[in-house]
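A.B. asks: Got a structure for you, written out below as structure tokens; questions coming shortly.
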Amino acid sequence: MLPKEPKTMRPLKSHFPADACTTLTTLLQQTKEARVFRRAQAVREVVAGSHVNAVSVTFHFTNSALRKWVQRFAQHGPQGLVDRPRSGRPPKVTCELEQHLKRLVEQDPLEHGALHSQWSCRELATVLVQRARNT
């Protein structure tokens, strides 16, 4: 019986445009999503010539996950690094409610009858319910 040879990773068969690193750098500067930021950092390292194994260890990705993100970037560009829609219950917070909540958080809680100078979740909820009843 012959000894088994160690497994080697298949080489990536992705072809990137010449401006791929520039595109990823721009994405890193513009994205506000942490998950997309991490993916873009890791993919940029691979595009720049680093080995997938080394990059996966550095960024704490599995090899298969990193390869998936590299392939998606090669096929779809920056949009390939964004999470795809998932099934499940839609969020209850509407865009209008989210904007209202952001404005409320920037205000002084004491002006709304709160007991402390910093908002608590309970006090925010109370003020939102009171405003909803008054409208």
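A short reminder: the numbers here are calculations on the coordinates, not readings from a lab. Quantities reported herein were computed from a predicted structural model and do not represent experimental measurements. Glycine gets a Cβ as well: all are built from the backbone with ideal geometry, and neighbour counts include every protein chain shown.
A.B. asks: Filter the stretch 19-39 for residues that are of a type in the set (Lys, Arg) and assigned to a helix (DSSP H, G or I); which is surrounded by the fewest Cβ atoms within 10 Å (Cβ to Cβ)?
C.D. replies: Arg35
A.B. asks: Against the definition (touching a residue at least 12 places away in the same chain (Cβ under 8 Å) and either of a type in the set (Gly, Ala, Ser) or over 22 Å from Pro17 (Cα atoms) (or both)), how does Phe59 come out, yes or no?
C.D. replies: In short, yes.
A.B. asks: I've got another one for you. When you scan the stretch 71-81, do you find a residue that is touching a Ser or Thr at 6+ places or on another chain (Cβ under 8 Å), in contact (Cβ under 8 Å) with a residue 12 or more places away in the chain and either among the β-branched types (Val, Ile, Thr) or on the phi > 0 side of the Ramachandran plot (or both), even just one?
C.D. replies: For the stretch 71-81, residues touching a Ser or Thr at 6+ places or on another chain (Cβ under 8 Å), in contact (Cβ under 8 Å) with a residue 12 or more places away in the chain and either among the β-branched types (Val, Ile, Thr) or on the phi > 0 side of the Ramachandran plot (or both): present.
A.B. asks: Sticking with this one: Could you go through the stretch 127-135 and let me know if any residue there is surrounded by fewer than 12 Cβ atoms within 10 Å (Cβ to Cβ) and part of a loop (DSSP other than H, G, I, E, B).
C.D. replies: Yes, that holds for at least one residue.
A.B. asks: Quick check, is Ser117 of a type in the set (Gly, Ala, Ser), part of a loop (DSSP other than H, G, I, E, B), closer than 30 Å to Ala65 by Cβ and free of Cβ contacts under 8 Å to residues at least 40 places away in the same chain?
C.D. replies: For Ser117, the condition - of a type in the set (Gly, Ala, Ser), part of a loop (DSSP other than H, G, I, E, B), closer than 30 Å to Ala65 by Cβ and free of Cβ contacts under 8 Å to residues at least 40 places away in the same chain - is not met.
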